[in-house]
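Heads up, the thing below is written out as structure tokens.
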Amino acid sequence: MSEASETQAPVLLRLAGTMLALSVVSVIIRFWARILMRSKLWWDDWLALASIPVVTICAIVIFWTSIGLRKHAKYVEPRNIRKSLQLLYAGEVIYDIGISLPKLSALFFYARIFGQRKGYRGMLWVTGGLVIGWIIFAVCTAIWQ
């Protein structure tokens, strides 16, 4: 196979599609379980739900494979280079937010379970502050790079 015809598109499409489906299904099951158990929805649930639209990074990857993600830059059509760079720019910001929301959701879940312990609650606040600081730093870096 020559360098121009080498492609990883099928692997990327399967991976992105699988991750998109697993994310959506897991959040649906989470909410379904809360409703069946008649448990109160809390911040961890809402952050998990908020992370679903951010998995659009998977959709971006799926679209991007059609315009050149799978190819070396010298084989991408010139008209698609600008579009690819725009997708890269948007994808970086979405990715940074997308990997942070589940972290915050997990921290709130821990707070719900272990929130009565004062020392543990303080560690959760510090960790949450670090995650939020990282989000701000990463998004600003992606925007103004």
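The set of residues in segment 118-141 that are farther than 24 Å from ARG34 by Cα, in contact with a helix residue (DSSP H, G or I) (Cβ under 9 Å, 6 or more places away or on another chain) and at pLDDT below 90 contains only TYR120.
Annotation: of all residues in segment 106-138 being part of a helix (DSSP H, G or I) and of a type in the set (Gly, Ala, Ser), the one that is surrounded by the fewest Cβ atoms within 10 Å (Cβ to Cβ) is GLY119.
Among ILE67, ILE94, ILE62, which is the only one that is of a type outside the set (Gly, Ala, Ser), surrounded by 13 or more Cβ atoms within 10 Å (Cβ to Cβ) and under 24 Å from THR141 (Cβ atoms)?
That would be ILE94, the only listed residue that is of a type outside the set (Gly, Ala, Ser), surrounded by 13 or more Cβ atoms within 10 Å (Cβ to Cβ) and under 24 Å from THR141 (Cβ atoms).
For segment 112-124, the count of residues that are out of contact with any Cys (no Cβ under 7 Å at 6 or more places or on another chain), touching a residue at least 60 places away in the same chain (Cβ under 8 Å) and more than 22 Å from PRO53 (Cα to Cα) is at least one.
Would you confirm whether any residue within segment 15-37 is out of contact with any helix residue (DSSP H, G or I) (no Cβ under 7 Å at 6 or more places or on another chain), assigned to a loop (DSSP other than H, G, I, E, B) and of a type outside the set (A, V, I, L, M)? No.
Taking the conditions exactly as written (over 30 Å from LEU69 (Cα atoms), in contact (Cβ under 8 Å) with a residue 60 or more places away in the chain and not polar (S, T, N, Q)), does PHE108 satisfy them or not? Spelling it out, PHE108 is indeed over 30 Å from LEU69 (Cα atoms), in contact (Cβ under 8 Å) with a residue 60 or more places away in the chain and not polar (S, T, N, Q). Close Cβ contacts (under 9 Å, 6 or more residues apart or on different chains) running from residues in segment 79-102 that are at negative phi and of a type in the set (Asp, Glu) to residues that are in a helix (DSSP H, G or I) and surrounded by 18 or more Cβ atoms within 10 Å (Cβ to Cβ) comprise GLU92/ALA142; ASP96/ALA142. The single residue among LEU69, LEU49 that is modelled with pLDDT of 90 or more and not polar (S, T, N, Q) turns out to be LEU49.
Residues checked against (1) among the β-branched types (Val, Ile, Thr); (2) closer than 30 Å to MET123 by Cα; (3) over 18 Å from the mean Cα position of the chain (by Cα):
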| site | (1), (2), (3) |
| --- | --- |
| ALA73 | no, no, yes |
| PRO78 | no, no, yes |
| TYR89 | no, no, no |
| ILE99 | yes, yes, no |
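Every test in (1) closer than 26 Å to SER39 by Cβ; (2) out of contact with any Ser or Thr (no Cβ under 9 Å at 6 or more places or on another chain); (3) part of a helix (DSSP H, G or I) is passed by LYS103 save one, and that test is (2). Output yes when any residue across segment 64-83 is in a helix (DSSP H, G or I) and acidic (Asp, Glu), and no when none is. Within segment 64-83, none of the residues are in a helix (DSSP H, G or I) and acidic (Asp, Glu).
Checking the structure you have, find out if any residue of segment 89-100 is aromatic (Phe, Trp, Tyr), modelled with pLDDT under 90 and touching a helix residue (DSSP H, G or I) at 6+ places or on another chain (Cβ under 9 Å). Give the steps one after another, and end with the answer.
Going through segment 89-100, the residues aromatic (Phe, Trp, Tyr) turn out to be 89, 95.
Next, from what is left, pick out any that are modelled with pLDDT under 90: 89, 95.
Keeping just the survivors that are touching a helix residue (DSSP H, G or I) at 6+ places or on another chain (Cβ under 9 Å) gives 89, 95.
Yes, because at least one residue in segment 89-100 is aromatic (Phe, Trp, Tyr), modelled with pLDDT under 90 and touching a helix residue (DSSP H, G or I) at 6+ places or on another chain (Cβ under 9 Å).
The values are calculated or read from the model by the stated rules, or taken from the named source; none is laboratory data. Fair warning: this is a prediction, and the values are worked out from it, not measured in the lab. All Cβ positions, even for glycine, are placed from backbone atoms using ideal geometry, and neighbour counts span all protein chains on display.
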